[in-house]
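Each reported figure results from applying straightforward, stated rules to the coordinates on display, with no laboratory input. Keep in mind the model is a prediction, meaning the values are calculated, not measured. Cβ atoms come from the backbone with ideal geometry, glycine included; neighbour counts cover every protein chain shown.
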Amino acid sequence: MGTSVSQRSPNTPGWRVVSACYTSDTVPVDRAVVEIWRAATKQDQSLLQQLDSATVETCVSAANQRVDSRRAAQTIGELSVSKNNTVIGEFAKRMLALKSNGGAQEDTPTAALFRQLTDYYVSRDIAGYLGDNFRCKTLSELRAFKQQIGDAVAAKVKTLEIAEGLSQRNWGDAYRIILKKLQE
């Protein structure tokens, strides 16, 4: 049996701003999204490199082609033995499995991927911001807030896909535009 350790976000200026978003209910959800992605891109220098990987591109492409669950499992298996696994690649494989099994119907593959990545960043810290002195007083409020953040990211990505014609662009261009716009 293995063990896992949950790593909190580093104590950097960007993540301290995100902390303020989790603390004060006067900060709009859209602002929290901006600050999360600003902090994430500043903290994780490998984020661009991981998003630019063949694994992520393959998963997004397969999900956009609406491959069935059998083909998705085969693709995921091939990618898993390629020894090019990254954290973001694992989220991309999870997204492909989800989409190929009819999940996240309201999200495009790209929106589903960015929703999962955002959830990962939020989940690292949000439980520490629960109680009387924070934005979320109850567990129900915390879950709802986390859902609102994910919904805001997915909605912004879907809007960008249409406004910027991202389905007509290659993955490398698309994710760079999305990352830039998530920080604005």
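Tabulated data for the structure shown
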item	result
Filtered residue count, region 67-91, keeping only those that are over 15 Å from the mean Cα position of the chain (by Cα) and in a loop (DSSP other than H, G, I, E, B)	7
Answer residue from region 97-116, given it is part of a helix (DSSP H, G or I) and within 15 Å of D68 (Cα to Cα) and is nearest to the chain's Cα centre (by Cα) among those	P109
Flag for R94 being closer than 25 Å to D173 by Cβ, over 16 Å from the mean Cα position of the chain (by Cα) and surrounded by fewer than 19 Cβ atoms within 10 Å (Cβ to Cβ)	no
Odd one out for A111 among (1) without any contact (Cβ under 8 Å) to a residue 60 or more places away in the chain; (2) in contact with a Leu (Cβ under 8 Å, 6 or more places away or on another chain); (3) aliphatic (A, V, I, L, M)	(2)
Residue in region 51-59 that is in a helix (DSSP H, G or I), touching a helix residue (DSSP H, G or I) at 6+ places or on another chain (Cβ under 7 Å) and within 30 Å of V17 (Cα to Cα) present	yes
Filter result (surrounded by fewer than 17 Cβ atoms within 10 Å (Cβ to Cβ) and within 12 Å of A112 (Cβ to Cβ)) within region 152-165	none
Any pair with Cβ under 7 angstrom, 6 or more apart, that starts in region 42-61 at a residue that is over 21 Å from K158 (Cα atoms) and ends at one that is buried (at least 18 other Cβ atoms within 10 Å of the Cβ) and among the aromatic types (F, W, Y)	Q43/W15
Answer from D173, D132 - the residue that is without any contact (Cβ under 8 Å) to a residue 12 or more places away in the chain, surrounded by fewer than 14 Cβ atoms within 10 Å (Cβ to Cβ), closer than 23 Å to V87 by Cα and not aliphatic (A, V, I, L, M)	D173
Scan of region 117-165 for residues that are more than 18 Å from S19 (Cβ to Cβ), β-branched (V, I, T) and in a helix (DSSP H, G or I), ordered by number	V153, V157, T159, I162
